[in-house]
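What follows draws every value from the coordinates through simple rules; no lab data is involved. Because the structure is a prediction, the values reported are computed rather than measured. In this analysis, Cβ positions are derived from the backbone assuming ideal geometry, glycine residues included, and neighbour counts consider all displayed protein chains.
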Amino acid sequence: MVEILPSILAADFARLSGEIAAVEAAGVSMLHLDVMDGRFVPNISFGPPVIRSIRECTGLHLDVHLMIEDPARYIADFARAGADSISVHQEACAHLDRALRMIQDVGKQAGAAINPSTPVAALDEVLEIVDFVLVMSVNPGFGGQKFIPRTLRKVMELDRRRHEEGYTYKIEIDGGIHAGNAGDVARAGCDWIVAGSSVFGEEDPAAAARNLERTAREATLVKV
Ligand code: DX5
Ligand code: ZN
């Protein structure tokens, strides 16, 4: 089943619990949390203390996207803070296999993320162990950027390979998703669709999340 994951990067941080409660009431079951260190990406966001506070105010699945250098150093901290799934960037890991296993060893779902310029082939050796693959559809660092259409080819490749080769990973997409392209990404094979500005940037985030979910689910129903 396709899920919409609102990214709190676009939310009003001064009233975060209200923002989260609104999308939760709309039927969302997962939240996407963007951690940025000002080194792997040019922006700085938040770390474990904020995630711990969010954990205390919601039972939603917390999907933590680490856009940081040497993420393995912090996996235990993010797991303890309350993450349910954690993704690390292939480009940031000298030892990707080890980082993914560290995440699984602390009982969390492990994801490998790839930037728009990184091919799926860079994940060949870990596809059989990952719980999910995160395809970045913008260059990471900022919300509100324009979707890069050619990244959909990687989603289709990942979808084809999991069917042909028997892998069980989910496919997540992140960046520039809105009501106009949510159907396309769902049809291409995405299971988890991240949406920041097109949820929390809208006047009514709950209605926006519901609309995105309906659009994505309807698109998969007509998948042939
Ligand atoms: C970008 C982040 C995204 C971001 C998406 O670096 O990883 O998760 O919050 O924001 P939108 O949906 O506005 O592109
Ligand atoms: Zn993200």
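Sort 197-206, 38-47 for me by packing, meaning the mean count of neighbouring Cβ atoms within 10 Å per residue, highest on top. Don't skip to the end; give the middle numbers.
Working: 197-206: 19.3, 38-47: 15.8.
Output ranking for 197-206, 38-47: 197-206, 38-47.
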Once both labels are modelled 7 Å past Cα along the beta-carbon direction, what's the F142-R160 spacing in nm?
3.4
Describe numerically, in nm with one decimal, the distance between label points set 7 Å from Cα along Cα→Cβ at V50 and at V106.
1.8
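Counting other C-beta atoms within 10 Å, which of D174, D159 has the fewest, and how do the rest follow? List each step's numbers first, then the result.
Numbers: D174 26, D159 16.
Lowest to highest Cβ neighbour count: D159, D174.
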Of all GluC sites (Glu not before Pro) in region 42-128, the ones in DSSP coil with at most 13 other Cβ atoms within 10 Å are E125, E128
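Dipole of region 3-220, Cα-centred, from +1 at each Lys and Arg C-beta and -1 at each Asp and Glu C-beta, to the nearest 20 debye?
Numbers: 21 positive and 32 negative charges, 24 e Å.
Here the size comes out at about 120 debye.
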Could you please state, rounded to a whole Å, how far the C-alpha centre of region 42-118 is from the C-alpha centre of region 186-215?
22
Nonlocal Lys pairs with alpha-carbon distance under 19 Å, the chain (8 or more apart, or different chains):
5
In Hz, Karplus ³J(HN,Hα) per residue of region 19-36 (6.51, -1.76, 1.60; θ = phi - 60°; x = Gly, Pro)
4, 5, 4, 5, 6, 5, 5, 7, x, 5, 10, 9, 10, 10, 10, 9, 9, 10
Tell me which of L152, I129, A10 sits at the most positive position along the dipole axis of the chain, charges placed on C-beta atoms (Lys, Arg +1; Asp, Glu -1).
L152
Placed amide H near A113: partners under 5 Å, 5+ positions off or other chain:
V88, H89, Q90, L134
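Determine the relative contact order of region 13-143: mean sequence separation of Cα pairs under 8 Å and six or more apart, normalised by residue count, in whole percent.
Numbers: 213 pairs, mean separation 26.1, N = 131.
This gives 20 percent for region 13-143.
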